[in-house]
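Student: Pasting in a structure now, in structure tokens, and then I'll have a few things to ask.
The values are calculated or read from the model by the stated rules, or taken from the named source; none is laboratory data. Please read all numbers here as calculations on a predicted model, not as lab measurements. Here Cβ is always computed from backbone atoms with ideal geometry, including for glycine, and neighbour counts include all displayed protein chains. Only protein heavy atoms, including side chains, enter the accessible area calculation; ligands, DNA and RNA are left aside. Shrake-Rupley method; radii C 1.70, N 1.55, O 1.52, S 1.80 Å.
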Number of protein chains: 2
Amino acid sequence: LVGLATLPMLYPHAALAELERVAVLPGIRGVGIATTIGDRELSDRSFWPIYERIEELGLPIFLHPLKVIGHERLQPHYFNNLLGNPFDTAVAAAHLIFDGVLDRFPQLEISLPHAGGALPILIGRFDQGFAVSKRKGAASRSPEHQPSHYLRRFTYDTISHSAQVIQYLVELVGADRIMLGSDHCFDMGDREPVQFVSSIEQLDAKQRAQILGRTAARLLRLEA
Amino acid sequence: LVGLATLPMLYPHAALAELERVAVLPGIRGVGIATTIGDRELSDRSFWPIYERIEELGLPIFLHPLKVIGHERLQPHYFNNLLGNPFDTAVAAAHLIFDGVLDRFPQLEISLPHAGGALPILIGRFDQGFAVSKRKGAASRSPEHQPSHYLRRFTYDTISHSAQVIQYLVELVGADRIMLGSDHCFDMGDREPVQFVSSIEQLDAKQRAQILGRTAARLLRLEA
């Protein structure tokens, strides 16, 4: 077993100190961060020194939503989870792309839960928005490339509960950017994730091996 | 040219009266409704008499977001449009499914903009949430079927700016539920929508013909 560290992101200086402490602990192979920090988006400048040091340390970041966008409105039917979680992941990824975080830290590895949430289906819309803002001559802080360029800067888990979504994702980003997720011990998890991946007929042996282990092994530095 | 009518949905009685007036006008072949009405979700009981009459009249409903979920947070980078619009469409569809509107009005046709927004990629998650709520014995107002059963109750336009999204959508719902969109005259529209659809290599001739016209012709009763 290896684990991810949590950082007190509300207090960036304390987060930096904690990062130095945990980075040398045995078995720590990444950092878990929420998709927003209080009222701040992940692209807030106060977090850039943390990203700089995380990048230097070669630790991947795993994102996960906590208090999601529109949570007041998403009370019924578990919608905070069903809709809010994938929405918030897309908002976080959008800020990391559009505010230049991924440009500034080219080695930073960001892992998205729930198969990337709503991000993978919105990427054409992001590219169109980018093109529109270019045409308007706007965007003082626009990204260097069109948003779809950054899709492979993220890694994605398999928690989609849909073989078709995983197939779409494989075509979009490649199996070397996708890894098995369980979401254990939550009720929205997948209790038989290996069986789920193995049942996706369109995957070839190499893609299946990547998703079932190789992508994660490389990211978490578990390779022999 | 045929058109859609708008209704004063904030005042359901007035909306019903207006519906009767417009239904007999020449060229009116559907109704356009926002994805929320003030603070009310589309599944609010005050709207059910309107849906009942719309269903009787055989008019399709076209949804479109106005003031979107989390709009305060989505100010930067046109995110209200890039993210908020597809989010809000998914929220509206979720309410129509989970609150039983589609069960109660089995002939009601609902058309979703922007290729269904975030809905198509979240459907596995909806099914899992439905299964979880069944296991918990919750859900006094749960839908009769699992959410993916209702995917084909919606129709979808092509405004995704991504051939891969349309291909995914065709596999998910079928080309007989997808129709050409332009989003004319907005900057997030597609100026060459026929060319876009024609360029999607995976579509066969029948699917292309459905998307380019037959689906809309049937829905809008334009067939010879």
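Student: Cβ-Cβ under 7 Å, sequence separation 6+ or interchain: first residue in the range A:213-224 and within 15 Å of A:Pro193 (Cα to Cα), partner among the hydrophobic types (A, V, I, L, M, F, W, C) and part of a loop (DSSP other than H, G, I, E, B). Which pairs?
Tutor: Within 7 Å, the pairs are A:Ala216/A:Leu180.
Student: Can you spot a residue in the range B:50-59 that is touching a Pro at 6+ places or on another chain (Cβ under 8 Å) and farther than 26 Å from B:Gly213 by Cβ?
Tutor: So far as the range B:50-59 goes, yes, one or more of its residues are touching a Pro at 6+ places or on another chain (Cβ under 8 Å) and farther than 26 Å from B:Gly213 by Cβ.
Student: Now a separate question. What about A:Ser140, is it within 30 Å of B:Leu82 (Cβ to Cβ), of a type outside the set (D, E, K, R) and modelled with pLDDT under 95?
Tutor: The answer is yes for A:Ser140.
Student: Search the range A:102-125 for residues being at the interface with chain B (Cβ under 9 Å from one of its Cβ atoms) and of a type in the set (Val, Ile, Thr), and hand back the single one that is surrounded by the most Cβ atoms within 10 Å (Cβ to Cβ).
Tutor: A:Ile121
Student: So which residues in the range A:78-97 are within 16 Å of the chain's Cα centre (by Cα) and either of a type in the set (S, T, N, Q) or away from every other protein chain (no Cβ under 14 Å) (or both)?
Tutor: A:Asn85, A:Thr89
Student: Same structure again: Considering only residues that are under 15 Å from the mean Cα position of the chain (by Cα) and open to solvent by 60 Å² or more (accessible area, probe 1.4 Å), which ones fall in the range B:7-49?
Tutor: Result: no residue meets the conditions.
Student: Follow-up. Select from the range A:21-40 the residues that are closer than 16 Å to A:Pro8 by Cβ, in a strand (DSSP E or B) and in contact (Cβ under 8 Å) with a residue 24 or more places away in the chain and list them in ascending order.
Tutor: A:Ile28, A:Val31, A:Gly32, A:Ile33, A:Ala34, A:Thr36, A:Ile37
Student: Working only within the range B:169-224, note down all residues that are among the aromatic types (Phe, Trp, Tyr) and open to solvent by less than 80 Å² (accessible area, probe 1.4 Å).
Tutor: Scanning the range B:169-224 gives a single hit, B:Phe196.
Student: Would you mind finding the one in A:Gln128, A:Gln146, A:Gln164, A:Gln75 that is more than 28 Å from A:His184 (Cβ to Cβ) and either more than 10 Å from chain B (Cβ to nearest Cβ) or open to solvent by 40 Å² or more (accessible area, probe 1.4 Å) (or both)?
Tutor: A:Gln146
Student: Would you mind telling me which numbered condition in (1) part of a helix (DSSP H, G or I); (2) within 30 Å of B:Gln146 (Cα to Cα); (3) of a type in the set (Val, Ile, Thr) A:Ile69 fails?
Tutor: That leaves (1) as the condition not met.
Student: Moving on. Quick check on the range A:152-161: of everything there that is open to solvent by 10 Å² or more (accessible area, probe 1.4 Å) and either of a type in the set (Ser, Thr, Tyr) or assigned to a helix (DSSP H, G or I) (or both), which residue is nearest to A:Leu4 (Cα to Cα)?
Tutor: Within the range A:152-161, the match that is nearest to A:Leu4 (Cα to Cα) is A:Arg153.
Student: May I ask you to say which residue of B:Gln146, B:Gln207, B:Gln202 is within 23 Å of B:Ser43 (Cβ to Cβ) and of a type outside the set (Asp, Glu)?
Tutor: B:Gln146
Student: Just to verify a result, which residue in the range A:63-72, among those that are touching a strand residue (DSSP E or B) at 6+ places or on another chain (Cβ under 9 Å) and open to solvent by 10 Å² or more (accessible area, probe 1.4 Å), is nearest to the other protein chains (Cβ to nearest Cβ)?
Tutor: The extreme case among them is A:Lys67.
Student: I'm told B:Tyr78 meets every condition in (1) at pLDDT 95 or above; (2) assigned to a helix (DSSP H, G or I); (3) closer than 30 Å to A:Glu41 by Cα except one. Can you identify the failing condition by its number?
Tutor: (1)
Student: Go through (1) under 20 Å from A:Leu220 (Cα atoms); (2) free of Cβ contacts under 8 Å to residues at least 40 places away in the same chain; (3) open to solvent by 20 Å² or more (accessible area, probe 1.4 Å) for A:Lys134 and report which single condition fails.
Tutor: (1)
Student: Every residue in the range B:131-143 that is of a type in the set (Lys, Arg) and more than 11 Å from chain A (Cβ to nearest Cβ), please.
Tutor: B:Lys134
Student: For A:Val101, indicate whether it is in contact with a Ser or Thr (Cβ under 6 Å, 6 or more places away or on another chain) and of a type in the set (Val, Ile, Thr).
Tutor: Spelling it out, A:Val101 is indeed in contact with a Ser or Thr (Cβ under 6 Å, 6 or more places away or on another chain) and of a type in the set (Val, Ile, Thr).
Student: If only one of A:Ala15, A:Ala93 is touching a helix residue (DSSP H, G or I) at 6+ places or on another chain (Cβ under 6 Å), more than 28 Å from B:Gly116 (Cβ to Cβ), small (Gly, Ala, Ser) and not in a loop (DSSP other than H, G, I, E, B), which one is it?
Tutor: On inspection, the qualifying residue turns out to be A:Ala15.
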